[in-house]
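Working notes for the structure below.
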Amino acid sequence: MTTKKLSRSKKINKKLWSIHNWVGLYAGVVIAVLSVTGVLALFKVEIDEALNSKYYEIGIPPVGQTSYNPDFNKVVDSLKTVYGASNFGGVVPSLDTSRNWRVFFSVTDGITNITTHNYEIFVTP
């Protein structure tokens, strides 16, 4: 009787171990996908800047420009007149003279007041 119980116990253990391996394999794939997408989400600004560096860099400065003293309010007000003051999201100014400012606007549906588009505008001050 003890040999039958041991063999039955071994079969159950073998089956449970097989189930455990397959579940672990599938869970590992899910965890790997979540890890990769999480890293991409974490570094999305840096990835965007690396892929679209031409928008972030001003390039050749204008001839005769000796100082960097942009008027923050002029930039924001001119964009508010074009895109609407209620849609203004914010400005990320750059202290580096070779970099553009980033201005955020959103466009909402007039009826439901739901945001339909988000825009990131690159401004050379």
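Multiplying the residue separation of Leu42 and Ser94 by 0.36 nm and subtracting their alpha-carbon distance yields 16.6 nm. Between Ile12 and Thr81, 0.36 nm times their residue separation minus their Cα-Cα distance comes to what? Contour length minus Cα-Cα distance gives 17.5 nm.
Every number in this text was worked out from the coordinates using simple rules, so none of it is lab data. Everything numeric in this text was worked out from a predicted model, so none of it was measured.
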